Amino acid sequence: MQEGLMEHEDVTRAIIGCAMMVHRKLGSGFLESVYQNALAHELRKATLPVQCARRIRVQYDGVVVGNFVADMVVAGCVLVEIKSVQTLGPAHGAQLVNYLAATRMEVGLLFNFGSASLQFQRKVHTYRSRTSRQALQDVSPSPEQSIVLPTISQVANAVEPVQSCE
């Protein structure tokens, strides 16, 4: 990676360019699945590997508490979530951050094809080891101000492909 580039910036730029192409050609008004399939097609044309509908099993306190399906993973390093709504809200960004935590992926893109112009957000979720979190807690001014974070293994267990895009 070149000096000064964000994590996976080259891949995210390519994905955003492909999403802009899809929105330019299709406009707004279709279901998310239409945009997902069109974006997967554009990404493959750009020679980027795409996995669609990734099923992720979520654990809490060592117990499987549910599953969710992420829209796509591109180049094995960027999670992509697609929406087709009037406008993106805070809950959409929070959903992507939760998906990043569950998959242990660091970079995600959220696209909204439902508005007159393409909306997108880039989210990053950075992971620290348990040791570094403990070191941060050890230097806290008082125990009342310490925040104990759950381990990532308590949140996510497995990621597996479910189906491919058309």
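Counting the residues of segment 25-72 that are over 21 Å from G114 (Cα atoms) and in contact with a strand residue (DSSP E or B) (Cβ under 8 Å, 6 or more places away or on another chain) gives 16. Is it the case that Q59 is touching a residue at least 12 places away in the same chain (Cβ under 8 Å) and touching a Gly at 6+ places or on another chain (Cβ under 6 Å)? Here the answer is no, as Q59 does not meet what is asked. Inspection of segment 24-31 finds a residue satisfying the criterion of being surrounded by 13 or more Cβ atoms within 10 Å (Cβ to Cβ), in a helix (DSSP H, G or I) and touching a helix residue (DSSP H, G or I) at 6+ places or on another chain (Cβ under 7 Å). Within segment 37-50, being under 12 Å from V74 (Cβ atoms), in contact (Cβ under 8 Å) with a residue 24 or more places away in the chain and assigned to a helix (DSSP H, G or I) holds for L39, A40, E42, L43. Residues considered: I82, I56. Of these, the only one that is at pLDDT 95 or above and of a type outside the set (D, E, K, R) is I82. Condition check for L39 on (1) touching a helix residue (DSSP H, G or I) at 6+ places or on another chain (Cβ under 8 Å); (2) farther than 19 Å from T126 by Cα; (3) modelled with pLDDT under 90; (4) not charged (D, E, K, R): one failure, at (3). Step by step: first the residues of segment 51-78, then only those that are among the small types (G, A, S) and part of a strand (DSSP E or B), then the one that is surrounded by the most Cβ atoms within 10 Å (Cβ to Cβ). Which residue is that? If we take residues in segment 51-78 being among the small types (G, A, S) and part of a strand (DSSP E or B), then A70 is surrounded by the most Cβ atoms within 10 Å (Cβ to Cβ). Considering only residues that are surrounded by 17 or more Cβ atoms within 10 Å (Cβ to Cβ) and touching a residue at least 40 places away in the same chain (Cβ under 8 Å), look in segment 10-23 and name the one that is farthest from V73 (Cα to Cα). Once the filter is applied, the top-ranked residue is H23.
The values are calculated or read from the model by the stated rules, or taken from the named source; none is laboratory data. In this text the structure is predicted, and so the values were computed from the model without any measurement. Using ideal geometry, Cβ is built from the backbone for each residue, glycine included, and neighbour counts are taken over all protein chains shown.
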